[in-house]
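Novice: I'd like to ask some things about the structure below.
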């Protein structure tokens, strides 16, 4: 079985970006306590925590999806993870829009899960024969 290049490349990109995101989120652990000491409103702190939570969830899914995408042992699981990654990105976009933090750059986060899902679907259809 030859591995699908689109799925492999998007899987590697998922691993790289997820690792960078996790490291960045770990670096900002003390942010909310610093905000509290600065007298920032509870609503702002809640938004920061919610955004960080979804960032961690999305990063973990991207990391796991990247690993299974590179391995390409279970293509059905790759398709499922691709769908979950897209759903998580849509939720993240909704949160960003509702808080007024949305920019066109945020749409880039949806592109990688879409290419991953397309690669998984193509790989699955190629291996169906």
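What follows draws every value from the coordinates through simple rules; no lab data is involved. Being a predicted model, the structure only gives us computed values, none of them experimental. All Cβ positions, even for glycine, are placed from backbone atoms using ideal geometry, and neighbour counts span all protein chains on display.
Novice: Among 86-97, 110-121, what's the highest-first ranking by average C-beta atoms within 10 angstrom per residue?
Specialist: Values: 86-97: 15.3, 110-121: 20.1.
The densest-packed peptide leads the list: 110-121, 86-97.
Novice: Right, another one. Between residue 49 and residue 16, take the C-beta separation as r, use R0 = 25 Å, and let me know the FRET efficiency to the nearest 0.05.
Specialist: Working: r = 26 Å, r/R0 = 1.03.
So, using R0 = 25 Å, E works out to roughly 0.45.
Novice: Taking R0 as 35 Å, what FRET efficiency do you get between residue 40 and residue 60 from their Cβ-Cβ distance, rounded to the nearest 0.05? Please list the in-between numbers first.
Specialist: Values: r = 27 Å, r/R0 = 0.78.
It comes out at approximately 0.80.
Novice: Okay, moving on. When the helices in the chain are scored as -39500 (n - 2.57) per DSSP H run of 4 or longer and the sum is shared across all residues, what 222 nm value do you end up with, to the nearest 500 deg cm²/dmol? Working shown, then result.
Specialist: Values: 5 runs with 103 residues, N = 129.
Computed ellipticity for the chain at 222 nm equals -27500 deg cm²/dmol.
Novice: Using only the Cα atoms of the stretch 1-68, what do you get for the radius of gyration and for Dmax, in Å?
Specialist: Gyration radius and largest Cα-Cα distance of the stretch 1-68: 16.2, 59 Å.
Novice: Roughly how many nanometres apart are two label points built 7 Å out from the Cα toward the Cβ at residue 28 and residue 104?
Specialist: 2.3 nm
Novice: Another question, then. Using Cα pairs under 8 angstrom and six or more residues apart, how large is the relative contact order of the chain, in percent? Don't skip to the end; give the middle numbers.
Specialist: Working: 128 pairs, mean separation 51.1, N = 129.
RCO, the chain: 40 percent.
Novice: For the chain, take the longest principal axis of its alpha carbons; what is the angle in degrees between that and the long axis of helix 108-126, to the nearest 10 within 0 to 90?
Specialist: 20 degrees
Novice: Please order 16, 48 by the number of other Cβ within 10 Å, starting at the fewest. Provide the component values of the computation, followed by the final result.
Specialist: On the way: 16 13, 48 16.
Fewest-to-most ranking of 16, 48: 16, 48.
Novice: With angles folded into 0 to 90 degrees, how steeply does helix 75-98 sit against the dominant principal axis of the chain? Use alpha carbons for both and round to 10.
Specialist: In the chain, helix 75-98 runs at an angle near 30 degrees to the longest axis.
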